[in-house]
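Student: I have a structure here, written as structure tokens, and I will follow up with some questions on it.
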Amino acid sequence: MKTARKYDTMVFISLWAVLCFAVSFLTFLTFSISTHAQTLGHTQISGTLPEQATESTAFIQWGGGSLYQLTARLAVRGCDVNLLWVWDAQEKDYTGYTFSGPRFLNKNFNSKYENNIPPSTIWVQCIDMMNHIYGYGLLTENEKQKADALPRGGHREVRVIDPITESDCEGNNWRPETKKYVLPSIPLTQGVCVILFMKEGLADAPEGRKGFSWHSHNMELYTFEDSENQYAYHRFRESIALSRNKMRDYHDLLKVEFHELCHSNQTWHIVKNVFNHDFFIEKYTGNGGTLRYLLHSSAFQEFIDIVGFSQDEKGEWVLPQDSIYRTENSFYGGGIYGYFVPHELAAELCAGYLMRKVGSSGYWTEYFEFYLEDEVVAWLEKYVFVLPESRI
């Protein structure tokens, strides 16, 4: 077991060395155009990226910003970056960052660019998320063969009621506001699709609600019995089922659509910032699921601290007595959806940010005006949305 891990680490280092040589050889090609990045706005990129959701490489110009902002900007343009090299105009050299390799390989990058990557030329490697296996580098050759044979990125069969579309699960049924304001501004897992269904009455709705929706992904950890090596992959494409109940207000349904897409962003965050090489080495234990994985994210821990979540002796999530998100203290006496657990509250506040962005009027404007405190907005703008844009 130890020998296999040592071997995989050496493979990573060897590949890293080869790439160092390759990109150094290409230095003269990019030096003459690197000054173009200086003319771009903050977090803007220019250049020709590979076709969406494909595995290829490209040189881009970057207007400056954090690693997250670069990763997010590329994601909404169809590139899920797995490896990148930043050109340093002063040192006349590249510095690399890997999302799949051991953490120590990023030490030099973090020392230089942990808070900001200045305007520069960047080489990026884009991957097809649906075909990617997280933790692949730690598997034995026999395990890799088994993992390579796994069917990936298929469509999950979802039971729908009175379906409008039975097979179109490519995202074409999003509302116009979603296409205009959300898809270009929030990183999502590639291939996320929407399934629609209509409900005229309340009889079939759970808990007596007017309608319902759900977000379905299959990013679970798998373990090989012999070695206990862990890996994860997209067994199915992410799907969002939405009720377009005629009895519900248009803005209510729009908020629900935004809420579920914010959950998709959480999945994207997990695979980019949690499912890394070191995570799989450390052998995750415990129940899976979105929240359990997000708890390994420093960004999400920051959200938990901002809203004041803690866990009691039974492991239940609780909020301070004076929290505005508690039922007895909340707007109109009703309570904000999902206040019991951090990832639901985060998705709801993310949806509220988007509702304000699209200019929703009436109840929802007042509702989220009450809940979107400055610290929450700052967190959303740092870790969720592709910015800058005009501040709401």
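Student: How many Å² of accessible area per residue for the stretch 226-291, probe 1.4 Å?
Tutor: Numbers: 2210 Å² over 66 residues.
Per-residue accessible area for the stretch 226-291 comes out at 33 Å².
Student: Further question: Against the globular-protein guess of 2.2 N^0.38 Å, express the Cα radius of gyration of the stretch 219-306 as a ratio, rounded to two decimals. Walk me through the numbers before you get to the answer.
Tutor: Values: Rg = 16.4 Å, N = 88, 2.2 N^0.38 = 12.1 Å.
The reported ratio for this selection is 1.36.
Student: Whole-Hz Karplus ³J(HN,Hα) for the stretch 68-77, in order, using 6.51 cos²θ - 1.76 cosθ + 1.60 and θ = phi - 60°, x for Gly and Pro?
Tutor: Those phi angles translate into 4, 4, 5, 4, 5, 4, 5, 4, 6, 9 Hz.
Student: How many Å² of accessible area per residue for the stretch 45-127, probe 1.4 Å? Before the final figure, lay out each step's value.
Tutor: On the way: 3360 Å² over 83 residues.
With the other protein chains kept in place, the stretch 45-127 gives 40 Å² per residue.
Student: Could you pull out every residue, at least 5 positions away or on a different chain, whose amide H is within less than 5 Å of the one on N229? Hs are placed 1.01 Å off N in the peptide plane, and Pro or chain starts have none.
Tutor: The answer is F224.
Student: Moving to a separate point now. If I ignore ligands, DNA and RNA and count only protein heavy atoms, how much of D249 is accessible to a 1.4 Å probe, in Å² to the nearest 10?
Tutor: Surface open to solvent at D249 totals about 90 Å².
Student: Here is a follow-up. Would you please give the residues with an amide H less than 5 Å from that of D80, counting only those at least 5 places away or on a separate chain, with H modeled from the backbone geometry?
Tutor: A53, I127
Student: Return a whole-number percent for the relative contact order of the stretch 66-121, with Cα pairs under 8 Å and 6 or more residues apart as the contact set. Walk me through the numbers on the way to the answer.
Tutor: Details: 53 pairs, mean separation 20.5, N = 56.
Relative contact order comes out at 37 percent.
Student: I've got another one for you. Return the long-range amide H neighbours of I117 (sequence gap of 5 or more, or a different chain), with a cut-off of under 5 Å between placed amide H atoms.
Tutor: Amide H neighbours of I117, under 5 Å, 5+ apart: G65, S66, L67.
Student: In what sequence, largest accessible area first, do I324, I270 appear using a 1.4 Å probe?
Tutor: Values: I324 40, I270 5 Å².
Descending order: I324, I270.
Student: Measure off, as a whole percent, the carbon and sulfur share of the 1.4 Å-probe accessible area of the stretch 45-127, all protein chains present.
Tutor: Values: 1410 of 3360 Å².
Taking all protein chains in place, the stretch 45-127 shows 42 percent carbon and sulfur surface.
Student: Something else about it: If you wrap the stretch 45-127's Cα atoms in a convex hull and average its projection over all directions, what's the area in nm²?
Tutor: For the Cα atoms of the stretch 45-127, the hull's average projected area reads 4.9 nm².
Student: Sticking with this structure for a sec: Could you state how much accessible area L349 has, in square angstrom rounded to the nearest 10, with a 1.4 Å probe and all protein chains kept in place?
Tutor: Counting only protein heavy atoms, L349 exposes about 0 Å² to solvent.
Student: Then there is this: To the nearest 10 square angstrom, how much accessible area does T121 have with a 1.4 angstrom probe?
Tutor: Surface open to solvent at T121 totals about 0 Å².
The values are calculated or read from the model by the stated rules, or taken from the named source; none is laboratory data. If you're wondering where the values come from, they're calculated on a predicted model, not measured in any experiment. Protein only, heavy atoms only, side chains kept; ligands, DNA and RNA dropped before computing areas. Shrake-Rupley method; radii C 1.70, N 1.55, O 1.52, S 1.80 Å.
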